[in-house]
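In what follows, a structure is listed as structure tokens, so that the remarks can point back to it.
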Number of protein chains: 2
Amino acid sequence: MKADLFGKVLQEMRKERHLSQEKLAELCELDRTYISLLERGLRQPTLATLFKLAAALEINPSELVVRVEQKSD
Amino acid sequence: MKADLFGKVLQEMRKERHLSQEKLAELCELDRTYISLLERGLRQPTLATLFKLAAALEINPSELVVRVEQKSD
DNA sequence: TCTTATTGCAGACTATAGTCTGTAGTCTAA
DNA sequence: TTAGACTACAGACTATAGTCTGCAATAAGA
């Protein structure tokens, strides 16, 4: 699994929902700069963080993972 | 998301495959004691670790997450 | 018994997830 | 020009993921 795939998925999902990094961070109670790190592939979320992000994006956590898998092909 | 759900799923999947913690650890290049910590809900894997575990269990990472979601209900 | 396989668990450690503060760059609208 | 919204990024920090070593407990089989 390439390190930056999740970041790309996260950014796509966030932009589709017209959310700023700051607004997303607020929704999932994470730091704004950490969202930036995730999107740039400089951090890997834990499973608990994945669930928080998915909830904020109103998507199933597993669906987020599916999108990462699809990018792996 | 309750902290120990993933651990239960992991243990179920491992036992279905008749793998010891040690063998699973070897397959995904993680420490045996860490598998134990995961199964007991004392650690949360990162996304990268989730992918490693799924590969060792010969299952899609997203399918692992689906099982955690199902336990959340 | 004894041995082997398996797992829990403690303790000390290293690597990285996640926070906090601040600065600078870009873009858009007034 | 300037002000506001957005983001990249640096640095120093705290919390937790993940490793390593070793010991104790249990169960199953010779």
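The values are calculated or read from the model by the stated rules, or taken from the named source; none is laboratory data. All values reported here derive from a predicted model rather than from experimental measurement. Note that each Cβ is placed from the backbone with ideal geometry, even for glycine, and that neighbours are counted across all protein chains shown. The accessibility values were calculated without ligands, DNA or RNA, using every heavy atom of the protein model including side chains. Shrake-Rupley method; radii C 1.70, N 1.55, O 1.52, S 1.80 Å.
Determine whether segment A:48-63 contains at least one residue that is more than 10 Å from DNA strand C (Cβ to nearest atom), free of Cβ contacts under 8 Å to residues at least 40 places away in the same chain, among the acidic types (Asp, Glu) and farther than 25 Å from B:ALA54 by Cα.
no
Yes or no: segment B:20-41 includes at least one residue that is more than 14 Å from DNA strand D (Cβ to nearest atom) and either in contact (Cβ under 8 Å) with a residue 60 or more places away in the chain or of a type outside the set (Asp, Glu) (or both).
yes
So how many residues does segment A:53-73 have that are part of a helix (DSSP H, G or I) and either open to solvent by less than 40 Å² (accessible area, probe 1.4 Å) or within 8 Å of another protein chain (Cβ to nearest Cβ) (or both)?
12
Answer with yes or no whether A:GLU12 is more than 17 Å from B:PRO45 (Cβ to Cβ) and part of a helix (DSSP H, G or I).
Criteria met by A:GLU12.
Just the residues that are in contact with a Lys or Arg (Cβ under 6 Å, 6 or more places away or on another chain) and either among the basic types (Lys, Arg) or under 30 Å from B:ASP4 (Cβ atoms) (or both), please, taken from segment A:19-46.
A:LEU24, A:ALA25, A:CYS28, A:LEU37
Out of (1) open to solvent by 40 Å² or more (accessible area, probe 1.4 Å); (2) touching a helix residue (DSSP H, G or I) at 6+ places or on another chain (Cβ under 6 Å); (3) in a loop (DSSP other than H, G, I, E, B), what's the single condition that is false for B:GLY41?
(1)
Does segment B:1-37 hold any residues that are open to solvent by less than 10 Å² (accessible area, probe 1.4 Å) and more than 10 Å from chain A (Cβ to nearest Cβ), and which are they?
Passing the criteria: B:GLY7, B:VAL9, B:LEU10, B:MET13, B:LEU24, B:ALA25, B:CYS28, B:ILE35.
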